[in-house]
Amino acid sequence: MERSLVLVKPDGVQRGLVGEVVARLERRGLRLVAAKFLAVSQELAETHYAIHKGKPFYEGLIAYITSAPVMAMVWEGPNAVAAIRQTMGATRPTEAAPGSLRHDFALEVGRNLTHASDSAENGEKEVALWFKPEELVDWTREVDRWVFEK
Ligand code: DAT
Ligand code: MG
């Protein structure tokens with residue numbers, strides 16, 4: 001089962017959109033594995049966004065993600081990475097598909113509401129960076145067999 005880190009970034013928290021993000025992922029059929037509300041340290045932000053170091057938007061990105069609390073979650077399901085990124089929409093909100101979160105609730109790339117892992121491999125790495133193993137809940141839902149084929 002694929003797993004993805006999902007963050008509701010500071011703009012999403014400030015705008016009261018945590019519930020909207022959770023609702024959409026729940027309705028999609030994805031299963032919540034872990035969640036915590038936290039202020040992101042400089043160190044965590046730099047490790048999480050290490051791949052973007054040196055890019056022109058890097059400093060602003062670190063300032064943004066550390067500016068106010070975030071809701072960090074782990075969601076899982078078949079093809080969870082692709083499903084979640086589709087629900088989020090493209091990085092630039094003006095390129096995000098209508099009906100996606102970034103289309104429906106954002107305008108600017110620097111205030112694009114959410115983060116989601118971009119591959120199953122990075123999903124595992126990001127989950128390990130943001131959560132301790134004991135914070136991940138291994139559970140089955142009664143409805144799983146009606147959402148997951150296998
Ligand atoms: P995503 O968050 O869709 O995975 P990404 O990994 O390419 O996108 O970039 C991480 C974040 O960095 C993105 O959510 C917003 C910011 N960002 C990316 N490209 C940017 C750009 N050209 N200008 C400003 N911010 C950018
Ligand atoms: Mg990314």
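Please treat every number below as a calculation from the coordinates, not as lab data. All values reported here derive from a predicted model rather than from experimental measurement. Cβ sites come from the backbone with ideal geometry, for glycine too, and all protein chains shown count toward neighbours.
Overview of results
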{"item": "CD proxy at 222 nm, helix term only [per DSSP H run n ≥ 4: -39500 (n - 2.57); per residue of the chain; nearest 500]", "result": "-10500 deg cm²/dmol"}
{"item": "Scattering profile of segment 63-150 at q = 0.16, 0.19 Å⁻¹ [log10 I(q)/I(0), Debye over alpha-carbon scatterers]", "result": "-0.79, -1.04"}
{"item": "Sites PHE57 and LYS125 - FRET efficiency at Förster radius 22 Å, r taken between beta-carbons, to 0.05", "result": "0.55"}
{"item": "Label zone at ALA50 (point 7 Å along Cα-to-Cβ), backbone N below 19 Å, segment 88-128", "result": "116-128"}
{"item": "Convex hull of segment 1-142 built on C-alpha atoms - directionally averaged projected area, nm²", "result": "8.1 nm²"}
{"item": "Most to least packed among 4-17, 135-148 [average Cβ atoms within 10 Å]", "result": "4-17, 135-148"}
{"item": "Lys/Arg +1, Asp/Glu -1 at C-beta; the chain dipole; positive extreme among PRO10, PHE37, SER119", "result": "PRO10"}
{"item": "In degrees, nearest ten, helix 18-28 long axis to first principal axis of the chain (Cα)", "result": "40 degrees"}
{"item": "FRET E, pair LYS132, ASN79, Förster distance 30 Å, beta-carbon r, rounded to 0.05", "result": "0.70"}
{"item": "Residues of segment 85-100 with amide N under 15 Å of a point placed 7 Å along Cα→Cβ from VAL109", "result": "90-96"}
{"item": "Residue list for segment 70-99, given a label point 7 angstrom along the Cα-to-Cβ vector of LYS150 and an amide N cut-off under 12 Å", "result": "78-79"}
{"item": "Sparse-neighbour loop sites [GluC sites (Glu not before Pro); segment 91-124; at most 14 other C-beta within 10 Å; DSSP]", "result": "GLU108"}
